[in-house]
Amino acid sequence: MRWGWSLALALVAGCSVDPSGLATRDVGDGGLDAGSDAGSPPLDARTPDVAEVRDDAGRDASEPDAYLDAGADGGPRDAGCSVPPPPDAYVAPARLIQVDGEHIDWSPGLFVEIDVWDTVTLAAAPTAADLSARFAVAWQPDALYVAVHVRDDVHSGHLGDAAGLWMGDSVQIGFDVGANAVPLLHYDAVDDFEYGAALGGDAVQLAHRWIAPNGQAASGMVHRVVREGDRTRYELALRPEDLGLVAFEAGTRLRMGLIVNERDHGGRDGWLEWGGGIGRTKQPALFRDLYLDFVPCDAPTAP
Ligand SMILES: [Ca+2]
Ligand SMILES: [Ca+2]
Ligand SMILES: [Ca+2]
């Protein structure tokens, strides 16, 4: 059964850490500094073995069925397990990622193109050199990593506070953790979240959380955005509690939307999007499935 495993292999996530010494600005939730929450392991103190990452678990295109064995250890299942992921889903592998803005710890095959353009200025769809982007997601029991690799000829970072980072070149990521969105409705107050990260116009690392359920603890997301030549690399990591969970588990299905904002002409030109539901209107029902590995319901369980 070869359901969209190629798409699964195209997902890679990154998380960016905010190394000490880098200026970080945040408003709103105010908890986006690395290690701001006591009691959780630091998401930025990890150094994966890159050689091992590239070869581990058989999760490369040469062994597509590796994902079908993901539940062999008897891991948890969720309601999404009974059907293969839809073709537009992303299936994230278990990987250890260092949140440093470098993507060497991501296998190239995990990235998928973000190829839907939407605009508020009626600007024509950008060329690849003007703006093109791809992303990937990975996970560990205590971290969800997202990496976004952007080709952008002009970097225009937001100069104001972090809550307005979306007005400059930036990334926004929304989650409907319960996969319970109602079509046409805004984020709910139960299990929906929206985070963002950017490299500000004054080279300051920016991060913000706009959406979270009432009473949600301060964010512990860490991130790092690196600009080099015409490339902007984002990496970020969220703890389970940043999405209202106790732990990330194999077989979990979330819903996610991701956009890459473009500001090259004095204002927000538009954005590339995967899943929609963020840039034009907040509609988490437009998000797409994100699996933390795909675990078929009928996968063998451990004795
Ligand atoms: Ca990295
Ligand atoms: Ca730009
Ligand atoms: Ca929801």
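The values are calculated or read from the model by the stated rules, or taken from the named source; none is laboratory data. As the structure is a prediction and not an experimental result, all values here were calculated from the model. With ideal geometry, Cβ positions are generated from the backbone for all residues, glycine too; neighbour counts draw on all protein chains shown.
Brief remarks on what is shown
- For the stretch 147-195, filtered to residues that are in a strand (DSSP E or B) and within 16 Å of ligand 2 (Cβ to nearest atom), the residue that is surrounded by the most Cβ atoms within 10 Å (Cβ to Cβ) is S170.
- Within the stretch 206-228, if we keep just the residues that are under 17 Å from V260 (Cβ atoms) and not charged (D, E, K, R), the residue that is farthest from ligand 1 (Cβ to nearest atom) turns out to be W210.
- Residue check, G75 modelled with pLDDT under 65, crowded, with 21+ Cβ neighbours inside 10 Å, assigned to a loop (DSSP other than H, G, I, E, B) and more than 16 Å from ligand 1 (Cβ to nearest atom): no
- Boolean, L243 is more than 18 Å from E273 (Cα to Cα) and more than 13 Å from ligand 2 (Cβ to nearest atom): yes
- Considering the stretch 88-145, the qualifying strands (runs of 3 or more DSSP E), each wholly inside and each with 2 or more residues that are surrounded by 16 or more Cβ atoms within 10 Å (Cβ to Cβ), within 13 Å of ligand 1 (Cβ to nearest atom) and of a type outside the set (S, T, Y), run over 131-140.
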